[in-house]
Amino acid sequence: RALSQVLFLTPHLPAFLLRHRLRSHVLEIQHLDRALLHLGLGQLSEEELRAACYLRGLNSTHLGQAECRAWLEQWLRLSCELQASEASLLAHSMVLLSLNYSR
């Protein structure tokens, strides 16, 4: 339920439905991550960079553009190394990387 709040999903669903929605959301982000890695972070505007961080659970309003880029690079390395069967690890990493990001 805590992960669903980070991913902007309704946490008031039955557990099996919540797990399904959470997994599909994480896999969609992972698919976007692979496309973003192929495109390159240098192609993103500052607004797109912040939106990409926000989608992955990081509130970037208090961060500079370089910090957002560094966090997103770290995230992409992790996300693109994991397989689809490791979606749970990716979802939990989203929380850990966002909450424990040094400011």
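The values are calculated or read from the model by the stated rules, or taken from the named source; none is laboratory data. This is a predicted model, so every value here is computed, not measured. Cβ placement follows ideal geometry from the backbone for every residue including glycine, while neighbour counts extend to all protein chains displayed. Surface areas here come from the heavy atoms of the whole protein model, side chains and all, with no ligands, DNA or RNA. Shrake-Rupley method; radii C 1.70, N 1.55, O 1.52, S 1.80 Å.
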#### Entry: Accessible solvent surface per residue of the range 51-99, calculated while the other protein chains remain in place, 1.4 angstrom probe, Å²
50 Å²
### Task
Quantify, in whole percent, the carbon and sulfur part of the accessible surface of the range 11-103 (1.4 Å probe; protein heavy atoms only).
58 percent
### Task
Report the label-to-label distance for Ser85 and Ala35 in nanometres (one decimal), using points 7 Å from each Cα along the Cα→Cβ vector.
2.6 nm
### Task
Sticking with the crude label model, points 7 Å out along Cα→Cβ, report the distance from His92 to Glu46 in nm, one decimal please.
3.7 nm
